[in-house]
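The values are calculated or read from the model by the stated rules, or taken from the named source; none is laboratory data. What you see is a predicted model; the values in this text were computed from it and never measured. All Cβ positions, glycine included, derive from the backbone under ideal geometry; neighbour counts span all protein chains shown. Protein only, heavy atoms only, side chains kept; ligands, DNA and RNA dropped before computing areas. Shrake-Rupley method; radii C 1.70, N 1.55, O 1.52, S 1.80 Å.
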Amino acid sequence: MVGSMTVRSSPVGGPALPQERRLVTEIPGPLSRDLFARRQAAVARGVSHVLPVFITAAGGGVLVDADGNSLIDFGSGIAVTSVGNSAPRLAERVQHQAGQFTHTCFMVTPYEEYVAVCEKLAEHTPGDYDKRSALFNSGAEAVENVVKIARHATGRQAVVAFDHAYHGRTNLTMALTAKNMPYKDKFGPFAGEIYRVPMAYPLRWPGGPDRCAADALDVITGLIHTQVGEDNVAAVIIEPIQGEGGFIVPPDGFLPGLAEFCREHGILFIADEIQTGFCRTGDWFACDHEGVVPDLVTTAKGIAGGLPLAAVTGRAEVMDSVHVGGLGGTYGGNPVACAAALGAIETMEAENLTARARRIGEIMLPRLRKLAEAHPVIADVRGRGAMIAIELAEPGSLKPDPASTGAAAKACHAAGLVVLTCGTFGNVLRFLPPLVIGEDLLEEGLSILEDAFAGL
Ligand SMILES: Cc1ncc(COP(=O)(O)O)c(C=O)c1O
C-alpha cells in the first residue's frame, strides 16, 4: 500500500503500451470488483460510471485495468484525451512544470505558461480579430464566465439556449442544460433569464431534414422576437455539434444564419466548443466547417489532455469590457494544467490531428452506414471527424430505443470496447476515439460493435 493505495504491477502508460485488445478476466474482473466495493463504501452514489473497471495505465487507443485487461478506447474520457493518454510532449511538460512550481495563483503573481496558452487560443480559435482569453478549471466554469462576460459587455440579461443543449452541472449551467434526468432533477431553483428554443435536429425536424435549417431559423428568431425581444438578449449559446444531447449535427446553413441574426441585433454569438474543439471534428473548431466566426468561444476537455483547464476566448472589446478583478479564481490557469495544454496543442500541431480526425471519420462512417443498412434499429448515422454517433429507434418509427442502445453498449463493454451513450432519450451510441488511435484498433472496435448488433 502507498498510503491507502494498493500497489499493483502495471505497465507504464503512454503510447508505448501494447496497442492491443486483451481480455484476461471477465469485465469487470475480480480486482476491479474489489475496488468497486471500496468505492461503494467511500464515494458518493451520485457520481456514476459507464464501466466500473479501474484503470492503471492508458495510452494511444487503449486503457489497461487493474486485472490486466487491455480495452479499446472509443470514449477518450468523454472527448478529452484527443492526443492520447500520457502523450509524450504533454507528460514531459507536466513533469518539468511540477518540478518548477505548481501554483502561485495567476491573480497574485503571473507566469508565462498562462499567457502562452492564451496566445495559442488566439491563434487557433475561429476569427482573425483581436482576441483575449481567460482561463478556468472546468467547462461549466468557462460557461458560467462567458455568460457573465456577455451580460457585462452588452448590458443585457437574457441568454438563449437550445433544446438538447448541455453546458454543465453548476447552477447557471444546469439552467442552460436541457435534460432533466440526471442533470437537473430536484436541484433547482435554477438561474433566471434563460430562454430555450428548438434545435435544428434534422432527423426529428417535423418538416423533414431538407426544411430543417430554414424552418428552425424562422421558429427561433420568431420566438426570440415575440417572447424575449431582441434587444434584451445578451447572447445565444450553442454547441456547433451538440454533445451530451445526442451528437446532433445541425444542417448546413443553420449556424451561419443564426450568427447573422445575432450580428444584426447586437446579440453575442457564443460557440460552446468544449466537446467539439481542439481537432475533434476534423477542424481545429467545429465552427470552422462553415466559416462561422463566433464572438465568444468556450473550450475545455481536449485542451489539456485531462488536466483541469478551460477557457473563454473572445473579441478583445467584449472580453475587456469587464472591470479589473471581475474575472478569475484561485486555480484558473494552473501552471501544470497550462503546461499540459501547451504539450497537447503542440502535439495537435506536430501530428496534424485535424487530418487524423478526418481519417477516423472516413473509416467509421461507411462501416456504420453499412451496419445501419443491416439493422433497421439504427435510425441515423451522423457526426464529423472523430465525433460520430448512431441513433437507435424502433424500426419503422422514430420512437427512441434506449433499451437496445444500452444492450449494445453493454455487449461492447463485455468484449473490451469502451463506448459511451448519450442523447436526450438515451438512445445514441457515441464514438470519440483518441485521435492517435491506430487504424487496426479502430477497425477491431467497429467489428466488436457489429458483433454487438448481430447479438441484439
Ligand atoms: C458542450 C459542453 N459544455 C460544457 C460542458 C461541461 O464541462 P465540464 O464537465 O468540464 O464542466 C460539457 C461537458 O460534457 C460539454 O460537453
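Brief remarks on what is shown
- Odd one out for residue 372, checked against (1) under 20 Å from the mean Cα position of the chain (by Cα); (2) assigned to a helix (DSSP H, G or I): (1)
- Matching option when the condition is away from the ligand (no atom under 16 Å from the Cβ) and in contact (Cβ under 8 Å) with a residue 12 or more places away in the chain, among 142, 122: 122
- Answer residue from segment 241-262, given it is in a helix (DSSP H, G or I) and among the aromatic types (Phe, Trp, Tyr) and is surrounded by the fewest Cβ atoms within 10 Å (Cβ to Cβ) among those: 261
- The residues in segment 357-382 that are closer than 14 Å to residue 442 by Cβ, open to solvent by 60 Å² or more (accessible area, probe 1.4 Å) and either in contact with a helix residue (DSSP H, G or I) (Cβ under 9 Å, 6 or more places away or on another chain) or among the charged types (D, E, K, R) (or both) can be counted, and the count is 3.
- The condition of being over 19 Å from the mean Cα position of the chain (by Cα), among the small types (Gly, Ala, Ser) and more than 14 Å from residue 241 (Cβ to Cβ) holds for only one of 304, 316, 344, that being 316.
- Members of segment 270-279 found to be within 15 Å of the ligand (Cβ to nearest atom) and more than 9 Å from the chain's Cα centre (by Cα), listed by number: 270, 271, 272, 278
- Only residues that are away from the ligand (no atom under 16 Å from the Cβ) and surrounded by 15 or more Cβ atoms within 10 Å (Cβ to Cβ) were counted across segment 127-139, and they come to 4.
A quick yes/no check of all residues on (1) out of contact with any Lys or Arg (no Cβ under 8 Å at 6 or more places or on another chain); (2) open to solvent by 40 Å² or more (accessible area, probe 1.4 Å); (3) among the β-branched types (Val, Ile, Thr):
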residue: 264; (1), (2), (3): yes, yes, no
residue: 279; (1), (2), (3): no, no, no
residue: 283; (1), (2), (3): yes, yes, no
residue: 288; (1), (2), (3): yes, yes, no
residue: 303; (1), (2), (3): yes, no, yes
residue: 309; (1), (2), (3): yes, no, no
residue: 315; (1), (2), (3): no, yes, no
residue: 321; (1), (2), (3): yes, yes, no
residue: 324; (1), (2), (3): yes, yes, yes
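- Odd one out for residue 61, checked against (1) surrounded by 24 or more Cβ atoms within 10 Å (Cβ to Cβ); (2) within 15 Å of the ligand (Cβ to nearest atom): (2)
- Flag not set for residue 203, criterion: within 16 Å of the ligand (Cβ to nearest atom) and either at negative phi or open to solvent by 30 Å² or more (accessible area, probe 1.4 Å) (or both).
- Taking residues in segment 387-399 that are open to solvent by 70 Å² or more (accessible area, probe 1.4 Å), and partners anywhere that are among the acidic types (Asp, Glu) and outside any strand (DSSP E or B), the pairs with Cβ atoms closer than 6 Å and at least 6 places apart or on different chains are 394/401.
- Single residue of segment 165-196 satisfying the filter (away from the ligand (no atom under 11 Å from the Cβ) and in contact (Cβ under 8 Å) with a residue 40 or more places away in the chain) that is farthest from residue 216 (Cα to Cα): 182
- Test: residue 152 is open to solvent by 50 Å² or more (accessible area, probe 1.4 Å) and of a type outside the set (D, E, K, R): yes
- Of the candidates 113, 92, the single residue that is crowded, with 21+ Cβ neighbours inside 10 Å, assigned to a helix (DSSP H, G or I) and on the phi < 0 side of the Ramachandran plot is 113.
- Qualifying residue in segment 228-242 (condition: away from the ligand (no atom under 16 Å from the Cβ), among the acidic types (Asp, Glu) and touching a Phe, Trp or Tyr at 6+ places or on another chain (Cβ under 7 Å)): no
- Subset of segment 64-89 (residues that are open to solvent by less than 60 Å² (accessible area, probe 1.4 Å) and touching a helix residue (DSSP H, G or I) at 6+ places or on another chain (Cβ under 7 Å)): 65, 66, 67, 72, 74, 79, 80, 82, 83, 87
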